[in-house]
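Please read the structure below before turning to the comments.
The values are calculated or read from the model by the stated rules, or taken from the named source; none is laboratory data. All of these numbers come straight from a predicted model, not from anything done at the bench. Heads up, the Cβs are rebuilt from the backbone with ideal geometry, glycines too, and the neighbour counts pull from every protein chain shown. Note: areas computed on protein heavy atoms with side chains; ligands, DNA, RNA excluded. Shrake-Rupley method; radii C 1.70, N 1.55, O 1.52, S 1.80 Å.
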Amino acid sequence: MTSTTDKAGQPKSETPEWEIKAAKQSRLAFGLAVAELARRDEKVAAISADTIDLFGLRPFLEASPERLIEAGIAEQNAMGIAAGMATTGMRPIICGYAPFITTRSLEQLRNDVAYANQRVVIGAACGGIVLAMAGGTHHAVEDLAIMRNMPNMTVIVPADARQTWHAAMATEQLDGPCYIRLGGKFDEPDVTELDADFRIGRADQLRNGDDITVIACGALVAPAVATSQALAHDGIGVRVLNMHTIKPLDRDAVLAAAVETGAIVTAEEHRVTGGLGGAVAELLATEQPTPMRMIGMPDEFAIVGPTAQVREHYAMGEGAITDACRDLMR
Amino acid sequence: MSSNYQAKIDGLENVARHIRRNVWRALHGAGSGHMGGSSSAADILAALYFHHLNLRPDDPDWSDRDRFVLSKGHANAALGATLAQAGYIDDSVLDQFYAYQSSFGMHPDIKMAGVEMSTGGLGHGLSVGIGMALGARMQAKDFRTCVMIGDGELQEGSNWEGAMAAAHLGLSNLTVILDYNKIQQSGHVGQMLDLEPVLDKWAAFGWAVREIDGHNMSAVVEALDALPFAAAAPSLIIAHTIKGKGVSFAEDSFLWHNNAVTDEVYEQALSELGEPS
Ligand SMILES: [Mg+2]
């Protein structure tokens, strides 16, 4: 490719902006980024676990068949392959289903990838209850807790397809493993701008406010913004932090929010134990004890149903976030 | 058989004797350890590191080096002894087995010079080796990858995912050596969860397979020299070995898979292994 760079000195993207904007689904934006990363760096290769179309990788497969390894429905082997490949200087990107690429291959992920500290990027589609209708076997509402407990691991939950593109591109700079949780086969609302500055480990403050802060990630960012907009009419200033990086947590942003707003609501499509809420609570308990409410799944396996209804069933949405804010403000 | 060849075999047998003695030395220092599977692997490790593998111990990260993964990570005493013998690590490290803040624990650590992957959880090495072999292919490099797996380890299903994939991918630059000492932690493999007919299984998966006596140095060398066994398939060497090889009371006994090493045991082991030249 040509050596053109953008104004930040980064290689210029060959992926048209309209294509990223049109993606609308984080799994597809991630697939576009995989192809772009592979164009930039001949060491980048994709590993599929029968997930080529889930990630929109068929054009990449046709253009660069030697750069896509199909591991089949065999996540343990896929994860071990990625680790071994990384030791040779390659930059493997595993494309898997969140419920399977985490727990089915967990020992390979822990030992071969995290313990050996290899540069493996794990794209995990259908995180949370994206596949709510599929039943508990296909839900991933403990993945963040698991990944957050892996030393060396970076854990990212992009808020939308655009941010997914930036997050995937940012993994170029990482020296260790990274887990990126993605959505499924329905459009995700845009909550970030395509030209927004993205940095791993730095929260985006999407809404200003000094009365209370909502710290959200992934699918719960858009409802958090909606809460802030609604409560603004009542004169309540709700700060919204898009905490796209669960690990390393943006401690400064959390502590500033605690000091400046005095109350925190966390919101995630995950069990309330061990994920974003857990990370925030652990920090605040030791550094800046602050009243909190945590929006997320309880300690149970989710019911079956359409994702939107199951989200409502477990109060993972604007209404619950708003209620939690009002409750804390009383 | 030329005298040069015989001298080579004698030299490798002497290396294996050094490795076995140093295994017992490391275990004696630690108080206990996995002598059984370390001793069964010693002849093969000697042939790999002092005959077969293309390595630069003074430049352990040389990008074109051949890769060796000890999937049966509990034989790390033997790997450490081999790496010390080859000059990757200082001989004094062997006296730090299990020690506080040591780089030389029960299982291999990728941070130690010459160790290609942290192993110990069983059934991981083959997949990692496939990744290394693919890394060579994708970067148009000639290095070869060799993975040693244990027999009990083959009970882990991940191996069979890897066996299927390596053959499907036609990885002739990948070799697996099965250290078939017939014993695992709690008993005989054949009685606990039998692998047989293990050759037929791997052949059916698409591997080119040879069986050897893993303690006959000429046989080990000849098998390694014949790699790859097929132009477009991965190779498997089934090495029939004896757990605890070289020390009578430890041989062929699951009690010595992992056991305590007292001063008396250590002296007896060294006297049976004999002085290396
Ligand atoms: Mg055995």
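Quick notes on this one:
- Put a dot 7 Å past the Cα of A:LEU106, heading toward its Cβ, do the same for B:GLU211, and the two dots end up 3.9 nm apart.
- Nearest-20 debye value, region B:1-68 charge dipole, Cβ charges on Lys, Arg, Asp, Glu: 280
- Using the Cβ-Cβ distance between A:LEU61 and B:ALA232 with R0 set to 22 Å, the FRET efficiency from 1/(1 + (r/R0)^6) comes to roughly 0.55.
- Furthest towards positive pole of dipole, A:THR273, A:PRO223, A:PHE55, structure part chain A, Cβ charges: A:PHE55
- Peptide packing for B:126-138, A:173-185, B:5-17 was compared via the average number of neighbouring C-beta atoms within 10 Å per residue; ordered from the highest value, the list is B:126-138, A:173-185, B:5-17.
- Shape of region A:202-302, Cα gyration tensor, a/c cut at 1.5: oblate
- Percent carbon-and-sulfur accessible area, the protein assembly as shown, ignoring ligands, DNA and RNA, probe 1.4 Å: 49
- If R0 is 25 Å, the Cβ-Cβ spacing of A:ASN152 and B:TRP62 corresponds to a FRET efficiency of close to 0.50.
- Working from label points 7 Å from Cα in the Cα-to-Cβ sense, the A:ALA230 to A:ASP190 distance is 2.4 nm.
- Calculated [θ] (222 nm, deg cm²/dmol) that DSSP helices of n ≥ 4 give over chain B, each run adding -39,500 (n - 2.57): -11500 deg cm²/dmol
- Label separation (B:GLN139 vs B:LEU193): 3.5 nm, computed from points 7 Å beyond Cα along the C-beta direction.
- Per residue, the accessible area of region A:28-181 comes to 28 Å², computed with a 1.4 Å probe over protein heavy atoms only.
- Calculated FRET efficiency for the pair A:ASP53/B:ASP225, C-beta based, R₀ 56 Å, to 0.05: 0.80
- Neighbour net charge for B:THR241 - beta-carbon separation under 15 angstrom, K R +1, D E -1: -3
- Pairs exceeding a 22 Å alpha-carbon distance, out of B:LYS72/B:LYS111; B:LYS8/B:LYS72; A:LYS21/A:LYS185; A:LYS12/A:LYS43; B:LYS8/B:LYS111; B:LYS201/B:LYS245: B:LYS8/B:LYS72; B:LYS8/B:LYS111; B:LYS201/B:LYS245.
- Global form of region B:85-222, assessed from the alpha-carbon gyration tensor, a/c cut-off 1.5: oblate
- Reducing region B:91-131 and region A:93-143 to their Cα centroids gives an inter-centroid distance of 26 Å.
- With contacts taken as Cα pairs under 8 Å and at least 6 residues apart, region A:20-76 reaches a relative contact order of 36 percent.
- For chain A: relative contact order, % (alpha-carbon pairs under 8 angstrom, 6 or more apart): 16
- The string of couplings for region B:20-34 from the Karplus curve (6.51, -1.76, 1.60, θ = phi - 60°) is 4, 4, 6, 4, 5, 5, 4, 5, 5, x, 7, x, 6, x, 8 Hz, one whole number per residue in order, with x for Gly and Pro.
- Peptide B:145-157 shows a mean partner chain C-beta count of 1 within 10 Å per residue C-beta.
- Each chain gives up part of its surface: B and A jointly bury about 1900 Å² of accessible area, both sides summed, for a 1.4 Å probe.
- Computed from Cα positions, the angle between helix A:318-329 and the longest principal axis of chain A comes to roughly 50 degrees.
- Neighbouring partner chain Cβ atoms per residue of B:118-127, average, 10 Å criterion: 6
- When the Gaussian network model of chain A links Cα atoms closer than 10 Å, the mean-square fluctuations of A:ALA263, A:ALA125, A:ALA63 top out at A:ALA63.
- Taking chain B as a Gaussian network of alpha-carbon nodes connected by springs under 10 Å, the highest mean-square fluctuation of the residues B:PRO197, B:PRO228, B:PRO57 belongs to B:PRO197.
- Ordered by solvent-accessible area of protein heavy atoms (1.4 Å probe), largest first, the residues A:PHE186, A:PHE301 come out as A:PHE301, A:PHE186.
- Region A:17-181: antiparallel DSSP beta bridges as a percent of all, rounded to 5: 5
- Take region A:207-247 with all the other protein chains still there, run a 1.4 Å probe, and you get 28 Å² of accessible area per residue.
- Relative contact order %, region B:1-123, counting alpha carbon pairs below 8 Å whose residues are six or more apart: 27
- Where both bridge residues fall in the protein assembly as shown, DSSP classifies roughly 15% of the beta bridges as antiparallel.
- Taking amide H atoms as placed 1.01 Å from N in the peptide plane, the amide H of A:VAL44 lies under 5 Å from those of A:ARG91, each 5 or more residues away in sequence or on another chain.
- In order along region A:300-306, the Karplus-derived 3J(HN,Hα) couplings, from 6.51 cos²θ - 1.76 cosθ + 1.60 at θ = phi - 60°, round to 7, 7, 5, 6, 8, x, x Hz, and Gly and Pro are given as x.
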